[in-house]
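So the structure is just underneath, and the comments pick up after that.
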Amino acid sequence: MEKKVIIVGAGIGGLAAALSLLKRGIDVEIYEQAPELKEVGAGIQISSNGTRVLYALGLEDALKRVQVLPSRRVIRHWSSGETWNWFDLGATTAQRYGTPHVMLHRGDLHGLLADAVQRLKPNAIHLATRCVGIRQSGERVEVGFDTGETVSAAFAIGADGIHSRVRACLFGPDKPEFTGCVAWRGVVPMQRLPAHLSQMLSTNWLGPRGHVLHYPVRRGALMNFVSTVERDDWQVEAWTVEGTTSELANDFRGWHPDVHAIIQNIDTPFKWALMVRGPMERWTMGRITLLGDACHPTLPFLGQGGVMAIEDGYVIAACLKKYFADPAIAFARYEDIRKERTAAVVRKSHAFRKQAFNPALADNDAVAVSVTQEWQKALARERLDWLYEYDATAVQI
């Protein structure tokens, strides 16, 4: 049997899977509906459990050329600006978990994954090919595209995101539920910001009805901004809808001037509605499976969406390497390894929202108590150790 896998979607998860497969001697063809190979202009945090996989894929040096190693995370109060040190990063995190917690521009991470794939197989990625159907019979999977082309291989992986066409073909349309929250994103050239804001650390602003996070990316040249706010008048789940700085500023009216100093320097902010989906009973049908947001989309409050897709891709490749001749075992083992892990991340990300939006923060007298109870360092480690210590490269396949 020819050892080839079709991957639908050339995002971070799809490329991580492709690289993992190629390094194990399994051929891949990757099909991406976008006309060019690029990611959105936004930041991404890759915690130690993610860098552990990327290092195993040989990307340590490439990461060092584009990453930021922040010194720590701090918490700030939404209106007073009072600051608390929450969690040490940098060398402390690398020592604790074995690999560092890094901050990146999504385009930089996407680019280094694509370069690594293309070094192993220059013609692996096919652009402007949107999946319109998928079927299987016997020992083959066939994927049809809007170009009229049909391709086949022994296996297929749907890495095509929240609005996955592969998932819809296998299991029908999903039914997302609106969370009542809208998210915003944008990037700011660091030189536009005052010196006290242009620091190499991650800052979480806590409010009663909103949350703001900003951190440096692209070796410190840019500041990434992402925020969430409770509002019910926008329910479009897409990363590419432009908003305005005045609308974003209005969502955070009354917040500290430092928050607005960043907002006013964002050229084009983008907004999207946060949706939740119930857990899928299964991700696989025969020789076809899903990874990342296609099967376990998660809210952004733990910063693990991209990392889970990277872990998925590595584990899928390990399972196919061992059980290529038996698809039922290969993908059953993949689901056994990944389902509980990703479900816990989805649940805890949803629960973390309640901590990020704390009504007690409207009462200045209650602020110190809230921060002490919810955000103290020891508690942070307890909540995050299970996440960061996980090693997808060492799981028993």
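No lab work stands behind these numbers, since they all come straight from the coordinates. Owing to the predicted nature of the structure, the values given are computational and were not obtained by experimental measurement. Glycine also receives a Cβ, built like all others from the backbone with ideal geometry; neighbour counts cover every protein chain displayed.
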**Report entry** Net charge, Gly306 excluded, C-beta distance under 11 Å - Lys, Arg +1, Asp, Glu -1
**Finding:** -3
Requested in this report: Mind giving me the nanometre distance, one decimal, between the label points for Leu127 and Arg192, set 7 Å out from Cα along Cα→Cβ?
Outcome: 2.6 nm
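Just to verify a number: FRET efficiency for Ala34 and Glu177, C-beta to C-beta distance, R0 = 25 Å, to 0.05? Mind showing how you got there, number by number?
Details: r = 27 Å, r/R0 = 1.10.
Computed FRET efficiency for Ala34 and Glu177 comes out at 0.35.
Determine the relative contact order of the chain: mean sequence separation of Cα pairs under 8 Å and six or more apart, normalised by residue count, in whole percent. Before the final figure, lay out the partial values.
Numbers: 820 pairs, mean separation 86.9, N = 397.
With pairs under 8 Å counted, the relative contact order is 22 percent.
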Report task. Using θ = phi - 60° and the Karplus relation 6.51 cos²θ - 1.76 cosθ + 1.60, list the HN-Hα couplings for region 240-254 in order, rounded to whole Hz, with x at every Gly or Pro. Result -> 10, 8, 7, x, 10, 5, 5, 5, 5, 4, 5, 5, 10, 4, x
Query raised in the report: Does anything in region 203-217 have its amide N under 15 Å from the 7 Å Cα→Cβ label point of Arg231, and if so which residues?
Result: 209-212
Query raised in the report: Which pairs break 21 Å Cα to Cα here: Lys38/Lys339; Lys3/Lys23; Lys23/Lys121?
Result: Lys38/Lys339
Query - the chain - mean residue ellipticity at 222 nm from DSSP helices (-39,500 (n - 2.57) per run, n ≥ 4, rounded to 500) - result: -11000 deg cm²/dmol
Query - Sites Ala91 and Arg347 - FRET efficiency at Förster radius 41 Å, r taken between beta-carbons, to 0.05 - result: 0.85
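Run the numbers on region 36-172 and let me know its relative contact order in percent, using alpha-carbon pairs under 8 Å that are six or more apart.
Numbers: 173 pairs, mean separation 29.7, N = 137.
In percent, rounded to a whole number, it is 22.
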Requested in this report: Mind listing the long-range amide H neighbours of Leu290? Cut-off is under 5 Å, sequence gap 5 or more, other chains count too, H placed in the peptide plane at 1.01 Å from N.
Outcome: Gly158
Query raised in the report: From the list (1) 67, 44, 38; (2) 103, 65, 46; (3) 79, 51, 39, can you say which value of Cα extents along the principal axes in Å was derived from the structure given?
Result: (1)
